[in-house]
Amino acid sequence: MQARYSIATVAHAELEPPNCITELDADHALIIAPLQNPRGALDVVQRLTGLRPSQIEIRLPRSGGGMGRTLDNDHVAEAVMLAKTVKRPVKLIWTRSDAFANDVYRPFAVHDLEAGLDRKNHIIGWRQRIASTSRLAGRGEPRERWWLSEAHPDDPPAGLIQNFQLDWFALDSNLPRGNWRAGSHGVNAFATQVFLDEIAVATRQDPLQLRLNLLGEPRQLPYRGHGGPVLDTGRLAWVLKLAADAIGWTKKRNDGHGLGLAFHFTYGGYVAHALEVSMEGDKLVMHRCVIAADLGRVINPLGARASLVGATMDGLSTALGLKITVKNGRVAQQGFKDYPLAMMAQLPRDVQVILVPSNQTPTGAYEMGLPGAAPALANAVFAATTVRVRELPILPELMRLL
């Protein structure tokens with residue numbers, strides 16, 4: 001079996017655009033800004049002013065979302081340079097069009113996947129080739145290390161299939177790239193999880209059972225990336241079962257609704273998504289969403305639930321219709337009018353979060369809820385319409401194929 005998946009470039013579209021208050025004199029620098037990397041901001045200020053770290057004060061107010069955008073400190077550098085020039089305190093706030101035109105965008109990517117099956121329809125070979133624009137390009141990393149931000153060699157189904165090959169190819173682009181929520185997990189999961197569904201449909205297997213068969217008996221696999229050093233297949237299978245059971249996976253349906261599943265291991269968290277959707281004319285309706293998560297010991301259940309729901313809604317909104325395009329050498333999108341985040345009515349009316357009780361080491365919840373959202377949506381769309389969408393964003397391609 002073979003399939004190709006394409007993932008568009010997207011912006012951060014953070015609620016609060018980049019901003020910074022700066023006050024400088026010969027002996028002191030004060031920075032007040034929403035930052036995800038204050039140590040990086042300190043280095044920027046030190047390089048631009050020559051001040052010692054002890055002479056630099058950074059204050060962090062509550063921020064209106066960063067999603068990876070404020071890991072970069074270009075707005076801090078701009079504010080410092082302006083303050084040096086005018087020799088007065090500066091309050092810098094980017095306009096919305098500034099933020100869209102000068103973002104560090106999520107890389108675009110193309111995934112070519114091939115799978116070989118034996119006579120019993122067991123997957124015995126898997127080859128995945130990824131071509132993308134590394135977000136490490138232009139950041140001082142040698143080219144031979146650019147793959148590290150885009151490909152995760154121990155992500156499932158690695159370790160689950162006897163013959164496995166993962167290749168990455170660098171695409172060049174003048175668009176600046178940066179970290180976007182969940183990193184490359186947010187796009188790689190789309191390709192692998194939709195492809196698993198395609199295999200299940202083609203071989204007349206239940207998509208849930210195919211995944212469970214692939215995970216096999218509970219065991220710990222080596223995992224070299226962030227979230228390691230091991231990946232527990234039993235914990236991944238358990239959240240998948242919980243999500244499927246809560247969405248009513250085994251119930252026969254005759255209402256035109258479709259169900260979709262996806263799972264992913266992200267930064268140490270095991271999360272599965274299940275979605276129920278239907279088409280009402282040319283309108284895609286998301287009825288229900290279930291998020292089952294094993295995040296280790298949960299210290300703050302309300303915070304974990306809110307983070308998982310927020311990441312999932314972000315993933316669904318982005319998957320529906322968001323895309324950055326370039327026209328005449330400039331980013332075409334200048335605001336939310338031409339970069340339409342999903343309206344509340346477009347998102348699931350019923351969202352259920354299942355947190356697995358655990359005594360394992362806690363992880364986060366901020367990013368774990370995003371990777372499985374888009375593939376679960378695409379798989380549910382196929383179940384409801386028999387239309388297979390292999391591109392992000394989903395909605396324009398779905399309307400073209402219907």
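Among the listed residues 295, 261, identify the single one that is in contact with a strand residue (DSSP E or B) (Cβ under 7 Å, 6 or more places away or on another chain), farther than 30 Å from residue 339 by Cβ, touching a residue at least 12 places away in the same chain (Cβ under 8 Å) and assigned by TED's automatic domain parsing to the domain that holds residue 214.
Numbers: 261 fails: farther than 30 Å from residue 339 by Cβ.
Residue meeting the stated conditions: 295.
Conditions (1) buried (at least 17 other Cβ atoms within 10 Å of the Cβ); (2) in contact (Cβ under 8 Å) with a residue 60 or more places away in the chain; (3) more than 20 Å from the chain's Cα centre (by Cα), marked per residue:
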{"site": "363", "(1), (2), (3)": "yes, yes, no"}
{"site": "383", "(1), (2), (3)": "yes, yes, yes"}
{"site": "392", "(1), (2), (3)": "yes, yes, no"}
{"site": "396", "(1), (2), (3)": "no, yes, no"}
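Just the residues that are β-branched (Val, Ile, Thr) and touching a strand residue (DSSP E or B) at 6+ places or on another chain (Cβ under 6 Å), please, taken from region 224-258.
Of region 224-258, the ones β-branched (Val, Ile, Thr) are 230, 233, 239, 247, 250.
If the condition is that a residue be β-branched (Val, Ile, Thr) and touching a strand residue (DSSP E or B) at 6+ places or on another chain (Cβ under 6 Å), then 230, 239, 247 are the ones that fit.
Going through region 82-131 one residue at a time, which ones are within 30 Å of residue 194 (Cα to Cα) and part of a loop (DSSP other than H, G, I, E, B)? Please lay out each step first, then the result.
Of all residues in region 82-131, those within 30 Å of residue 194 (Cα to Cα) come to 100, 103-131.
Result: 103, 104, 107, 108, 118, 119, 120, 121, 122.
Working only within region 220-247, note down all residues that are without any contact (Cβ under 8 Å) to a residue 24 or more places away in the chain and either surrounded by 21 or more Cβ atoms within 10 Å (Cβ to Cβ) or outside any strand (DSSP E or B) (or both).
First pass over region 220-247, keeping only residues without any contact (Cβ under 8 Å) to a residue 24 or more places away in the chain: 220, 229-230, 234, 245.
If the condition is that a residue be without any contact (Cβ under 8 Å) to a residue 24 or more places away in the chain and either surrounded by 21 or more Cβ atoms within 10 Å (Cβ to Cβ) or outside any strand (DSSP E or B) (or both), then 229, 234, 245 are the ones that fit.
Inspect all residues belonging to region 355-362 and state whether any of them is in contact with a Ser or Thr (Cβ under 6 Å, 6 or more places away or on another chain), in the same structural domain as residue 191 (by TED's automatic domain parsing) and more than 27 Å from residue 151 (Cβ to Cβ). Explain how you work it out, then say what you get.
Kept after step one, since they are in contact with a Ser or Thr (Cβ under 6 Å, 6 or more places away or on another chain), are these residues of region 355-362: none.
No, there is no match, as no residue in region 355-362 is in contact with a Ser or Thr (Cβ under 6 Å, 6 or more places away or on another chain), in the same structural domain as residue 191 (by TED's automatic domain parsing) and more than 27 Å from residue 151 (Cβ to Cβ).
Within region 119-158, can you find the residues that are more than 17 Å from the chain's Cα centre (by Cα), closer than 24 Å to residue 229 by Cβ and polar (S, T, N, Q)?
128
Only one of these is in the same structural domain as residue 113 (by TED's automatic domain parsing), under 17 Å from residue 315 (Cβ atoms) and in contact with a helix residue (DSSP H, G or I) (Cβ under 7 Å, 6 or more places away or on another chain): 335, 369. Name it. So that I can check it myself, show each step before the final result.
Working: 335 fails: under 17 Å from residue 315 (Cβ atoms).
Exactly one residue qualifies, and that residue is 369.
If I filter region 340-350 down to residues being in contact (Cβ under 8 Å) with a residue 60 or more places away in the chain and within 19 Å of the chain's Cα centre (by Cα), which single residue comes out as nearest to residue 247 (Cα to Cα)?
348
Give region 76-88 a look and list any residue that's touching an Asp or Glu at 6+ places or on another chain (Cβ under 9 Å) and either farther than 26 Å from residue 27 by Cβ or surrounded by 24 or more Cβ atoms within 10 Å (Cβ to Cβ) (or both), or say none.
Scanning region 76-88 gives a single hit, 83.
Among the numbered criteria (1) crowded, with 19+ Cβ neighbours inside 10 Å; (2) at pLDDT 95 or above; (3) in contact with a Pro (Cβ under 6 Å, 6 or more places away or on another chain), which single criterion is violated by residue 150?
Every condition holds for residue 150 apart from (3).
Under the condition of being within 19 Å of the chain's Cα centre (by Cα) and assigned to a loop (DSSP other than H, G, I, E, B), which residue from region 1-36 is farthest from residue 178 (Cα to Cα)?
15
Which residue pairs have Cβ atoms under 6 Å apart, sit 6 or more places apart or on different chains, and have a first residue in region 182-195 that is buried (at least 24 other Cβ atoms within 10 Å of the Cβ) and modelled with pLDDT of 95 or more and a second that is assigned to a helix (DSSP H, G or I) and not basic (Lys, Arg)?
189/375; 190/374; 190/375; 193/375; 194/375; 194/378
Can you name the residue in region 161-181 that is part of a loop (DSSP other than H, G, I, E, B) and more than 23 Å from the chain's Cα centre (by Cα) and is also surrounded by the most Cβ atoms within 10 Å (Cβ to Cβ) among such residues?
Taking region 161-181 first, the residues part of a loop (DSSP other than H, G, I, E, B) are 161-162, 171-176, 178-181.
From what's left, more than 23 Å from the chain's Cα centre (by Cα): 161-162.
Numbers: 161: 17, 162: 10.
Looking at the filtered set, the residue picked out is 161.
Looking only at region 63-93, count every residue that is closer than 23 Å to residue 10 by Cβ, in contact (Cβ under 8 Å) with a residue 60 or more places away in the chain and in contact with a Cys (Cβ under 7 Å, 6 or more places away or on another chain) and tell me the total.
Qualifying residue count, region 63-93: 0.
Right, residue 309: touching a residue at least 40 places away in the same chain (Cβ under 8 Å), assigned by TED's automatic domain parsing to the domain that holds residue 354, crowded, with 18+ Cβ neighbours inside 10 Å and not in a helix (DSSP H, G or I) or not? Spell out how you get there, then give the answer.
Numbers: touching a residue at least 40 places away in the same chain (Cβ under 8 Å): yes; assigned by TED's automatic domain parsing to the domain that holds residue 354: yes; crowded, with 18+ Cβ neighbours inside 10 Å: yes; not in a helix (DSSP H, G or I): no.
It is false that residue 309 is touching a residue at least 40 places away in the same chain (Cβ under 8 Å), assigned by TED's automatic domain parsing to the domain that holds residue 354, crowded, with 18+ Cβ neighbours inside 10 Å and not in a helix (DSSP H, G or I).
Determine which single condition residue 337 fails, assuming it passes every other condition in (1) within 22 Å of residue 392 (Cβ to Cβ); (2) exposed (fewer than 14 other Cβ atoms within 10 Å of the Cβ); (3) touching a residue at least 12 places away in the same chain (Cβ under 8 Å).
Against the list (1) within 22 Å of residue 392 (Cβ to Cβ); (2) exposed (fewer than 14 other Cβ atoms within 10 Å of the Cβ); (3) touching a residue at least 12 places away in the same chain (Cβ under 8 Å), residue 337 comes up short only on (3).
The values are calculated or read from the model by the stated rules, or taken from the named source; none is laboratory data. What you see is a predicted model, and the numbers here were worked out from it, not measured in a lab. Neighbour counts run over all protein chains shown; Cβ positions are idealised from the backbone, glycine included.
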